[in-house]
Every structure is written in structure tokens, then in C-alpha cells.
1. Here is the link list: 85/149; 14/84; 14/85; 88/149. Which ones come out longer than 25 Å on Cα distance?
2. Select from region 157-207 those chymotrypsin sites (Phe, Trp or Tyr not before Pro) which occupy a DSSP coil region and have at most 11 other Cβ atoms within 10 Å, ordered by residue number.
3. Give me the net charge for the shell around residue 47: Cβ to Cβ below 13 angstrom, other residues only, Lys and Arg +1, Asp and Glu -1.
4. Once you list every other residue whose beta carbon is under 15 Å from the beta carbon of residue 57, what net charge do they have if Lys and Arg are +1 and Asp and Glu are -1?
5. Figure the gain on full extension for residue 159 and residue 272 (residue separation times 0.36 nm, minus the Cα-Cα span) and round it to one decimal in nm.
6. Taking the Cα centre of region 143-247 as origin, work out the dipole magnitude from +1 charges on Lys and Arg Cβ and -1 charges on Asp and Glu Cβ, in debye rounded to 20.
7. In what order do 16, 275 fall by count of nearby beta-carbon atoms within 10 Å, going from fewest to most?
Amino acid sequence: MKAEEKTYSGWRNKLHEIIYEADTPAGKLFDILLFILIIFSVILVMLESIKDVDKDYHGTLLTLEWIVTIFFTLEYIARLISIKKPLKYVFSFYGIIDFLSTIPLYLSYILAGSQVLLAVRAFRLLRIFRILKLVKFIGEASQLQAALKASRTKIAVFIYVVLILSVIFGTLMYIVEGDESGFTSIPRSIYWTIVTLTTVGYGDIAPQSNLGQFLATLIMILGYGIIAVPTGIVTAEFAKGKKNGEEGDQVHMVHVNTQACPNCSAEGHRDDATHCYNCGHEL
């Protein structure tokens, strides 16, 4: 009995190594094949959305989609089998994405139109960061996240001011232009002001009077100045955080790998780690 359990445990560990870890040759090959298959499946969804292509090759596209779906189904089951706590994976970000990307074709025989959910597979392309070992970008993303968090109050005040200006200028444009120029209501005028202030300029509404055009000119000039404000706020916080990181402790400057915990599937362990930082299980 113990020999059978040991054999099963060894087989499951090997499966876990292939599926969850990109540091090994087998794991890297699996991730590359999975990456290619994900791109292929998304292309199939795109082709199916083209009526002329779907009309001529519907049977072929459906067959290929079933092949891809079966592969993803087997992969999902293998991921559940290879870890000791499958619910951790089921309710994780990638677990939910994997599940949503697998069930649509099955649901298409129950609920019409559910094939559109197959496009969710595009989210799984995020795994490319594991394949290419772009770990250094993870650190940069953390710094950007910290900068956005540190500047959230200033950005909130900035957005509040922009909304006030939009209401004021929108109301003025409604008074000056009126229905004849397309400013049929204050909300519609505020919409035009926001579009102009952000320099998008759809052109569906335009002021006709001299005073209205003068106000539009002020809004457009103000828009160019406003665009630089949030960029400057975030950039300043980003530079500040990076400087503090360089001058502060170096404990965060560690290398992490793609190794996943066989117990809870947590990733991002240090190279010198012997136990999982999340559950304490031996790696």
C-alpha cells in the first residue's frame, strides 16, 4: 500500500513539475505549447466571428475548437490532480480564468451565444511572463503600483476638479449655444466638455457662435495643461519610491523563480527558499 502511495505521489509530483514550474525543460516546453495553443484558440474565435469565414469553414472551425477545448479540459483536470489543495487553484485568479476558458463550448449546447466567452482565453497569455522569465518587470510593476497608491489622493482631487470644471463649462456652453448647435441639454453639454477637455474631439457636436468657439478654445488649451497633471503626480511618486528603494534596505532586491508550491500553488518563491512562503510546505 505504501509503495502504491509513493508511486502515486511521485507521479503527481512529476505532473506538478511539468505543469506549474517553468524552470525545468519539461515545464518550459509545456508552457510554450500551452502558449501557442492559447493563441491558436483565440484566432479560432476571431475567425468564427467573421460571417463569411464561419459560413465556409464552420465545420472545420468547430472541430478544431473541440480539440482545443478537450486539451484545456484535460489540462484543467491535471492541474487539480497535481496539487494537494485543489480548491486553492480553483478559486485563484488563473484557476477562474482557466475554468471560464474551458466551459463555453460545453455551455453552447445549453445556452446560445456563450461561445463569446472563449475570448477569455486571451487573459491566459499573461503566462508569457513565466516563460520568458521577465521577473525584473514584476519589480517595476510593483513600484508603479506603489506610486499609484501613494498618489491616489492627489489624483482623486484632480478628477474632482476636472468634473467641476466640466459642469461649469458644460452649463455655459448650453446657455451660449443651445439646441441649434446640438447642445440639447446640460448633461450632453458636459459630455462635449469632457470630450474636448481630454482632447479626444469626436466632432459630433461643435459650437457655432463666436462666444461658444471662444469658450471651446479655452477648454482645449486647458485640456493640454490638465493632461500633464496626473502624469506628473505619478511620475514624481514613482521617482520618489525608486529613490527610497535604492537608498533603503536591500531585502526586497531578491531573485524569485517560477517554482509553484505543490500544496497551495503559490508562485514567486525566492531562489534560496526551501519552504513555501504562503503555507510553509516544503518545496
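1. Working: 85/149 33 Å; 14/84 13 Å; 14/85 16 Å; 88/149 28 Å.
Listed pairs above 25 Å: 85/149; 88/149.
2. Values: sites: 158, 160, 169, 174, 183, 191, 192, 202; in loops: 183, 202.
Listed in order of number, the matching sites are 202.
3. Details: positive: 51, 55; negative: 48, 52, 54, 56, 65.
Net charge in that neighbourhood comes out at -3.
4. On the way: positive: 51, 55; negative: 48, 52, 54, 56, 65.
Every neighbour counted, the sum reads -3.
5. Numbers: separation 113, 0.36 × 113 = 40.68 nm, distance 4.49 nm.
Contour length minus Cα-Cα distance gives 36.2 nm.
6. On the way: 7 positive and 7 negative charges, 113 e Å.
My answer is approximately 540 debye.
7. Details: 16 22, 275 12.
Starting with the residue having the fewest Cβ neighbours, the order is 275, 16.
Quick note: the coordinates plus some simple rules give every number you see, no bench work behind them. Everything numeric in this text was worked out from a predicted model, so none of it was measured. Positions of Cβ are generated from backbone atoms using ideal geometry, with glycine treated the same way; all protein chains shown enter the neighbour counts.
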